[in-house]
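The structure appears below as structure tokens.
The values are calculated or read from the model by the stated rules, or taken from the named source; none is laboratory data. Treat the numbers as computed from the prediction; the structure is a model and nothing was measured. Glycine gets a Cβ as well: all are built from the backbone with ideal geometry, and neighbour counts include every protein chain shown. Protein only, heavy atoms only, side chains kept; ligands, DNA and RNA dropped before computing areas. Shrake-Rupley method; radii C 1.70, N 1.55, O 1.52, S 1.80 Å.
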Amino acid sequence: MTAPALTPELEARLLDTAVTAARAATDHACRNRHRRLEVAQGFAHDVKLSLDTECQKIAIEHILERFPDHAILAEESADTATATSPPPGFEWIIDPIDGTVNFSHALPFWCCSIAVRLAGRSVAGAVHAADFNELYTASQSGPALCNGKPLHVSDVPDLAHSLVLTGLDQKHNPRGERYGVFHAIADAIQKTRIIGVAALDLCRVAAGQAEGYFESGIYTWDIAAAGLIVERAGGRTETLAALGPHRWCFLATNGHMHDPLRKVVVEALGRG
Ligand code: IPD
């Protein structure tokens, strides 16, 4: 089956839909903030909120109203046990609340991330960080924007002057390698930060506020929209390993210090 044609008009409609759906989801989360501790499922280092599922439902309704025959891959309903290939046509990738733990603690570092892929490649994406009033967008042939203003990655050329955003994969990687990689990155650069919201971390790389982002294990819905935003802002993204259904070891940078950071990470991962 051949992939459907992506005209400029369709690309604009897809982006507009991603924005509308992301805004609708964050609007619901904000209006129901008083319910931020309603837990649907708890884990040692993570949480699923009732609001995750509700926001996801709202986003899906917005998307299917406009594109009823498109496929959906969404965090709260995804099958993370079975490996599948992306469909040949359009597929929407939704993280209704990225940074759920932050949101549940009333920390403002959370967002809704929505991307649409064609044959597995992101062609439009929106990240809405409601508490910062920041809407990040990009499309395959359009610029990366924050609230309509162009974004560009930083010019920082080397590791010594770089700030890298990262995470600790506590749920899926209990063996301790994650601390080895963290130490290796921290020793090589100016500063690491763990903010706990992958999509927004990547948008901060696109905005030139951080030079890099790395996670040893991250899901497709955390990176599908913001990865495109980094690329359209002039940065570089790279999947270092496929870890299982929808899960990746992933690096994104301003491009200038990509190879040196990649070397640090790959060596540390190799040491286990
Ligand atoms: C999480 C955040 C966090 C990252 C985790 C993700 P969620 O997403 O993006 O920064 O370190 O790996 O699972 O669960 O809050 O949508």
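Scanning the stretch 194-240 for residues that are more than 13 Å from the ligand (Cβ to nearest atom) and on the phi > 0 side of the Ramachandran plot turns up Gly208, Gly234. Here the stretch 35-66 is the region considered, the condition is being of a type outside the set (A, V, I, L, M) and in contact (Cβ under 8 Å) with a residue 60 or more places away in the chain, and the residue that is surrounded by the most Cβ atoms within 10 Å (Cβ to Cβ) is Arg36.
Residues Arg121, Arg66: which one is touching a helix residue (DSSP H, G or I) at 6+ places or on another chain (Cβ under 6 Å), modelled with pLDDT of 95 or more and of a type in the set (Lys, Arg)?
Testing whether each residue is touching a helix residue (DSSP H, G or I) at 6+ places or on another chain (Cβ under 6 Å), modelled with pLDDT of 95 or more and of a type in the set (Lys, Arg) leaves just Arg66.
For the stretch 99-152, enumerate the residues that are open to solvent by less than 20 Å² (accessible area, probe 1.4 Å) and in a loop (DSSP other than H, G, I, E, B). The answer is Gly99, Trp110, Gly142, Ala144.
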